[in-house]
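Q: What follows is a single structure, and I will ask about it in a moment.
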Amino acid sequence: MYCVDGGREDIEGLGEDNINEKESTLHSLLSSGIKILYKVSFPIKEKRSVDYIAMHQHDKIFLKIEKRISSKDRIFQELKRLSKALNVNALFIADRFNNEEILDDVLYIRDRVGVVSRDTLDRVSRGKNVYIYEYGGMYYVKINGKKLQRLRVKMGYSLHELANTIGVSSKALQKYEEGEMDMSAEKAYRFIELFGEMFEDVVRGIDIFRDRIVRSERRAMALERVRDVESDDKRYKLALKFSDFGINAEVFNAIPTDILLQSEDTKIFITYINSKYNEASIELKCRDNQFFARTFNGIAISVIDSNHRRKGISIAEDVGEVKVLSNIEDFVKELIKSLRR
């Protein structure tokens, strides 16, 4: 299993080609400076949103390896929400994105989620740089504004003259130089045509693990998502009730944490256990949730239906804190009261 020391993982239920591809991808990740903290095992049979929780330099990151993905897929959207909720970047490694082959040497950015091809990851692991990212269907490069300004002055251009030569506004060029705006790949090629190799020093490499574009979202959005769901699922009923008390609640379906609660500096990772879970899956689900909470400085709680077998409750208690659910409103009020003590 790939763990803190990067040992070997046993990959079950995959064909030989898939095993080799996954092993190769993990090797590239480790060679890129990734440290695998934990392999997420739950859900067991269904697709999960996170394969690994890892560290890159001093930052935590979620990793997901897939053959093909779509930005509309449930697991993609869920990972996007999880990354935003915890302020943690995520990286998908795949071959196809939105029904198109992923371009090599390009980082695709969707909020805190990045997407790269296996070949791009392999090149990064061998010390090669990525210079282009895609966002909103457009391709961009990141530049060093001060170096661009020095190059302009060195070549004898005024701000207005260079802007006219390249075909951008003086205001846009000024923003490039002040580091307030990234440059489209099309404009970058015009600079290369004008300045040749001298412009290469202006373009800076992109960190596929760190560089992201995060849009602001109203905190109320999580509440609205929960209210939009008409379901007998107790997880949604719990989340809605917590939201009514002013606690931000997010429901997840493809990670061991079913409900993420956030109030001020407190994070609570709730895993919900009902009668559909057997003893083995209860232990695995609770342990995975425990690691999520510990990794992101939160509190792990296993919530179990009152009609569950005593054996299942005992298994969850062996892992960590357990609360038995009978009445939703009473449960929510009691948990909030305990947090405010």
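The values are calculated or read from the model by the stated rules, or taken from the named source; none is laboratory data. Treat the numbers as computed from the prediction; the structure is a model and nothing was measured. Here Cβ is always computed from backbone atoms with ideal geometry, including for glycine, and neighbour counts include all displayed protein chains.
Q: Condition (residue is under 30 Å from PHE292 (Cα atoms) and in contact (Cβ under 8 Å) with a residue 60 or more places away in the chain) applied to segment 141-149: is it met by at least one residue?
A: No: zero hits.
Q: Taking the condition of being in contact (Cβ under 8 Å) with a residue 40 or more places away in the chain and surrounded by 16 or more Cβ atoms within 10 Å (Cβ to Cβ), how many residues in segment 61-75 meet it?
A: 4
Q: Okay, moving on. Of all residues being assigned to a helix (DSSP H, G or I) and among the basic types (Lys, Arg) in segment 172-206, which is farthest from MET138 (Cα to Cα)? Just the residue, please.
A: Result: LYS175.
Q: Quick check, is SER275 in a loop (DSSP other than H, G, I, E, B), farther than 19 Å from GLY246 by Cβ and either outside the structural domain of LEU240 (by TED's automatic domain parsing) or not aliphatic (A, V, I, L, M) (or both)?
A: yes
Q: Check ILE34, ILE93 and return the single one that is within 14 Å of GLY114 (Cβ to Cβ), touching a residue at least 12 places away in the same chain (Cβ under 8 Å), in contact with a Phe, Trp or Tyr (Cβ under 8 Å, 6 or more places away or on another chain) and of a type in the set (Val, Ile, Thr).
A: Just a single option satisfies the conditions, and that option is ILE34.
Q: Within the set of pairs 6+ apart or on separate chains, which have a first residue in segment 106-120 that is without any contact (Cβ under 8 Å) to a residue 40 or more places away in the chain, a second that is of a type in the set (Asp, Glu) and surrounded by fewer than 22 Cβ atoms within 10 Å (Cβ to Cβ), and C-beta atoms under 9 Å apart?
A: Hits for this filter: VAL106/GLU134; TYR108/GLU134; SER117/ASP95; SER117/GLU101; SER117/ASP104; SER117/ASP105; ASP119/ASP104; ASP119/ASP105.
Q: Within segment 104-148, take every residue that is assigned by TED's automatic domain parsing to the domain that holds LYS60 and assigned to a helix (DSSP H, G or I) and give me the one that is nearest to SER184 (Cα to Cα).
A: Step by step, filter segment 104-148, then rank; the result is THR120.
Q: Given the conditions (1) surrounded by 16 or more Cβ atoms within 10 Å (Cβ to Cβ); (2) farther than 22 Å from SER32 by Cα, which single one is not true for LYS142?
A: Unmet condition: (2).
Q: Quick check on this structure: which one of LYS84, LYS80, LYS154, LYS147 is more than 27 Å from SER24 (Cα to Cα), of a type in the set (Lys, Arg) and within 22 Å of the chain's Cα centre (by Cα)?
A: The conditions single out LYS84.
Q: Quick check on ILE259: is it surrounded by 14 or more Cβ atoms within 10 Å (Cβ to Cβ) and under 24 Å from ASP51 (Cβ atoms)?
A: yes
Q: Which one is surrounded by the fewest Cβ atoms within 10 Å (Cβ to Cβ), of the residues in segment 13-46 that are at pLDDT 90 or above and in a loop (DSSP other than H, G, I, E, B)?
A: For segment 13-46, the residue satisfying everything is GLY33.
Q: Select from segment 87-103 the residues that are crowded, with 20+ Cβ neighbours inside 10 Å and in a strand (DSSP E or B) and list them in ascending order.
A: Result: ASN89, ALA90, LEU91, PHE92, ILE93, PHE97.
Rundown of residues vs (1) at pLDDT below 90; (2) within 18 Å of TYR38 (Cβ to Cβ); (3) over 23 Å from the mean Cα position of the chain (by Cα), yes/no style:
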residue: PHE269; (1), (2), (3): no, yes, no
residue: ALA293; (1), (2), (3): no, yes, no
residue: GLY298; (1), (2), (3): no, yes, no
residue: LYS311; (1), (2), (3): yes, no, yes
residue: ILE315; (1), (2), (3): no, no, yes
